[in-house]
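Heads up, the thing below is written out as structure tokens.
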Amino acid sequence: MTEERILKQENKGFYITTPIYYVNDVPHIGHAYTTVAADVLARYKRLCGEKVLFATGTDEHGKKIQRSAQQQGRTPRALADEVVRRFQDAWKLLDISYDDFIRTTEDRHAAVVHEMWNRMKAAGDIYEGVYEGWYCVPDESYWTEKELVNGACPVCGRDVEKVQEQGYFFKLSRYQQRLLEHIETHPDFILPASRRNEILSFVREGLKDLSITRAGFDWGIKVPDNPKLVIYVWLDALLNYLTVAGFSRDGERFKQFWPPSLHIVGKDIIKFHAVYWPAFLMSAGIPLPEHIVAHGWWTLGDVKMSKSLGNVVSPESLVSTYGTDATRYFLMREVPFGLDGNFSDTAVQTRINSDLANDLGNLLSRATGMVVRFAGGVLPAPDTADQFDTALQQQSAELSGAYDAAMNTIEFHAALTAVWEFIRGANRYVDQTKPWQDAKAGNTQRLNTRLYHTIEATRIAAIYLIPFMPGTARTILAAVSQETKGLGLKQLAAWGGSAPGVSIAQAQPLFEKKTDALKAGANAGSSAAEPRQPAGRKKGTDGQGPAQSAAKPAQPPMMTPIISIDQFKTVELKVGTILSAQKVEGSSKLIKLEVDIGEKRTIVAGIGKSYAPEDLPGKRIVVVANLQPAELFGIQSQGMLLAAGDPEHLGLLTVDRDAANGTRIK
């Protein structure tokens, strides 16, 4: 995805959307992931001085909603109103800065749907016919006999209904060639490439005309001139993007923000956004979105989260346990955007303890504490820079380019990795320069320079964290007396922005280290909630829990306790390459290693009696990546190598096939 196409469009506002979320569900980590990602980009664009329209909302019509409401003895509107509040409350908890929250039950949206219906009909793309086939009510999707999997919906696996009804069709087949040409000539229209290839394959197989009305219920937008039918919920829902942009209602807003810069969606709804939606727009003569980006799923124990399985993680439980910004950080840092990610409380805690408490929190504490201790709480002016100072300044300059490049290609984990390399570099700067020694020696000019550089590095790190962790960034900037009003990212992140003479107070700890995971069954949204039992099976007969009549299987005699596969999966093993190695001064066996595991880590390993430092660079090794960091001889070790043998004759576990650094070992 090119920088120019995504985030440097001229003469136009930046319009970014999430899907609108269906009100037959409650907010879960998948919704949160999409929405936080959109919020990060919206905040980044605002920080760059761009006009932004960021929209999210709810999809409230359809047979599924009407059925659910009837089963609960409520009206569909009452059900929708309750769930809408859940989503809006969740987005408040996650500090989501949307500009428009669209509900498909709003009058402004119904007007847009009718306008689009009339345009598509005038184009000759809507005609009457009889639909006969299979319909999945939970997914609100039509399927042919061939597309069913074991007679069930190929997406959710649930039963489908045989449908035969008079209605209206959209000539989707008419747009097959135009759609192919657009995708082929705009390679970044659908991202990532795997999703683009999936859609190309689907379109090349042939597009069939689409049934766009439903009969037999009334919870939806009625067809113009035929109120006995309601408009297909996906046609209704996709048009929300036009409603938000002011289509047929606010010409100036529409001119400024259309076409959308970026739709962010889950990979399970890419077909609707990358096939149906462009075809509807082509029919109405409206420009297509510039980019549609599909991300992966979050899994729990490598199983896709599902309300029916009872293994969903709610935003409320995450925020109540870990806090808003720690949750946002984890979601954006843990998994490359576009890939599936496996959730575990251990992974969240590791990120908090290592990255947030140790790295970021430690830097802020050291920076402010030293100014208070050695300069009376007043930031001194720097003197002439030496090699350590210029190296830190250079790292700051390099961060600017790396950060922008990552943000412009929607690689959030890479942007945060670059920020954390800088944060760790700032901590190393303090370790190397030892300002306390200058204070003891009375070397005031050199001390002042060290204090200024440490505060300045802390300030710059906070600037880059504004899109990801807005609350934490505000706290840090307040601690170092930094104002951000009226300034863009380039100005704010330029070296030298800290003003000598400002007051600095000792900062309180940013994050508490976490030691306990969410308790199993603590609440309905807990990631550790026990999956529901399959129908007809008693607890205790399938390894899920004790049963009075079930005999316990014999345990083989062994010293090490048996662990479950879920316990094993909490250990994150990754492929890495040793970049450099040096003996740890004062130790006979410890070697300090710099290892690339998709990000650079410092690891202290007790292998000095088996390996010389010069023999190690280039070795492809296996690293325990989510081990609690430990300090050895004053060096923070951020992982552990795997090796076999006695201490005098250790052999490192190595990888004998090509695998990228950071590849997880399963």
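Just checking: which of the helices (runs of 4 or more DSSP H) contained wholly in region 422-515 hold 1 or more residues that are in contact with a His (Cβ under 6 Å, 6 or more places away or on another chain) and under 25 Å from Gln349 (Cβ atoms)?
Details: elements: 435-441, 444-465, 470-479, 489-493.
So the answer is none; nothing clears 1.
Applying the set (1) modelled with pLDDT under 95; (2) more than 20 Å from Pro470 (Cα to Cα); (3) not polar (S, T, N, Q) to Leu379 leaves exactly one unmet item: (1).
Those strands (runs of 3 or more DSSP E) of region 49-139 in which at least 2 residues are closer than 30 Å to Ala493 by Cα, considering only elements entirely within it, cover 52-59. Screening the candidates Leu590, Leu579, Leu573, Leu650 for the property of being farther than 24 Å from Thr417 by Cβ, among the hydrophobic types (A, V, I, L, M, F, W, C) and at pLDDT 85 or above yields one hit, Leu590.
Residue by residue, here is whether (1) in contact with a Leu (Cβ under 6 Å, 6 or more places away or on another chain); (2) of a type in the set (A, V, I, L, M) holds:
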residue: Ile410; (1), (2): no, yes
residue: Ala414; (1), (2): no, yes
residue: Val419; (1), (2): no, yes
residue: Arg424; (1), (2): no, no
residue: Pro435; (1), (2): yes, no
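Can you tell me how many residues in region 203-225 are over 30 Å from Gln66 (Cβ atoms) and in contact with a helix residue (DSSP H, G or I) (Cβ under 9 Å, 6 or more places away or on another chain)? Step through it out loud before you land on a result.
Our first condition is that a residue be over 30 Å from Gln66 (Cβ atoms); within region 203-225, this holds for 203-206.
Then drop every residue that is not in contact with a helix residue (DSSP H, G or I) (Cβ under 9 Å, 6 or more places away or on another chain), which leaves 203-204, 206.
Number satisfying all stated conditions: 3.
The set of residues in region 582-609 that are surrounded by fewer than 23 Cβ atoms within 10 Å (Cβ to Cβ) and of a type in the set (Gly, Ala, Ser) comprises Gly586, Ser587, Ser588, Gly598, Gly606, Gly608. Of all residues in region 141-196, those satisfying the criterion of being within 30 Å of the chain's Cα centre (by Cα), basic (Lys, Arg) and part of a helix (DSSP H, G or I) are Arg195, Arg196. Just one of the listed residues (Ala418, Ala405) is under 21 Å from the mean Cα position of the chain (by Cα), surrounded by fewer than 18 Cβ atoms within 10 Å (Cβ to Cβ) and hydrophobic (A, V, I, L, M, F, W, C), and it is Ala405.
Which of the residues that make up region 363-398 are among the polar types (S, T, N, Q) and closer than 15 Å to Leu477 by Cα? Correct list: Ser365, Thr368. The condition (being of a type in the set (D, E, K, R) and in contact with a Lys or Arg (Cβ under 6 Å, 6 or more places away or on another chain)) is satisfied by just one residue among Asp59, Asp89, Asp125, Asp100: Asp125. For region 599-612, check the following and say yes or no: at least one residue is in a strand (DSSP E or B), over 27 Å from Phe568 (Cβ atoms), touching a Gly at 6+ places or on another chain (Cβ under 8 Å) and of a type outside the set (D, E, K, R). No: region 599-612 contains no residue that is in a strand (DSSP E or B), over 27 Å from Phe568 (Cβ atoms), touching a Gly at 6+ places or on another chain (Cβ under 8 Å) and of a type outside the set (D, E, K, R).
Do any helices (runs of 4 or more DSSP H) lying entirely in region 209-280 carry at least 1 residues that are acidic (Asp, Glu), and which ones are they? Let's see the steps before the verdict.
On the way: elements: 233-238, 240-245, 251-257.
Those helices (runs of 4 or more DSSP H) span 233-238, 251-257.
Among the numbered conditions (1) touching a residue at least 40 places away in the same chain (Cβ under 8 Å); (2) under 18 Å from Phe101 (Cβ atoms); (3) in a helix (DSSP H, G or I), the only one that Gly30 does not meet is (2).
For region 63-104, name all the residues that are over 29 Å from the mean Cα position of the chain (by Cα) and of a type in the set (Gly, Ala, Ser). Steps first, answer last, please.
First, pick out the residues of region 63-104 that are over 29 Å from the mean Cα position of the chain (by Cα): 63, 66-78.
Residues satisfying the conditions are Ser68, Ala69, Gly73, Ala78.
Here Glu205 meets each of (1) under 29 Å from Thr104 (Cα atoms); (2) of a type outside the set (S, T, N, Q); (3) over 25 Å from the mean Cα position of the chain (by Cα) with one exception, condition (1). Across region 63-118, the number of residues qualifying as free of Cβ contacts under 8 Å to residues at least 40 places away in the same chain, surrounded by 14 or more Cβ atoms within 10 Å (Cβ to Cβ) and of a type in the set (Asp, Glu) comes to 1. Which of the residues that make up region 139-177 are modelled with pLDDT under 80, more than 24 Å from Arg204 (Cβ to Cβ) and surrounded by 19 or more Cβ atoms within 10 Å (Cβ to Cβ)? Correct list: Glu140 only. Count of region 371-410 residues, restricted to those that are part of a helix (DSSP H, G or I), closer than 20 Å to Gln432 by Cα and in contact with a His (Cβ under 9 Å, 6 or more places away or on another chain), is 4.
Taken over region 630-645, the criterion of being more than 18 Å from Ser587 (Cα to Cα) and modelled with pLDDT under 80 is satisfied by Ala644, Gly645. When you check Ile270 against the structure, is it in contact with a strand residue (DSSP E or B) (Cβ under 6 Å, 6 or more places away or on another chain) and farther than 16 Å from Glu60 by Cβ, yes or no? Yes; evaluated as a whole, the condition is true for this residue.
The values are calculated or read from the model by the stated rules, or taken from the named source; none is laboratory data. These figures come from a predicted structure and were not determined experimentally. Here the Cβ is made from the backbone with ideal geometry for all residues, glycine too, and neighbour counts use every protein chain on show.
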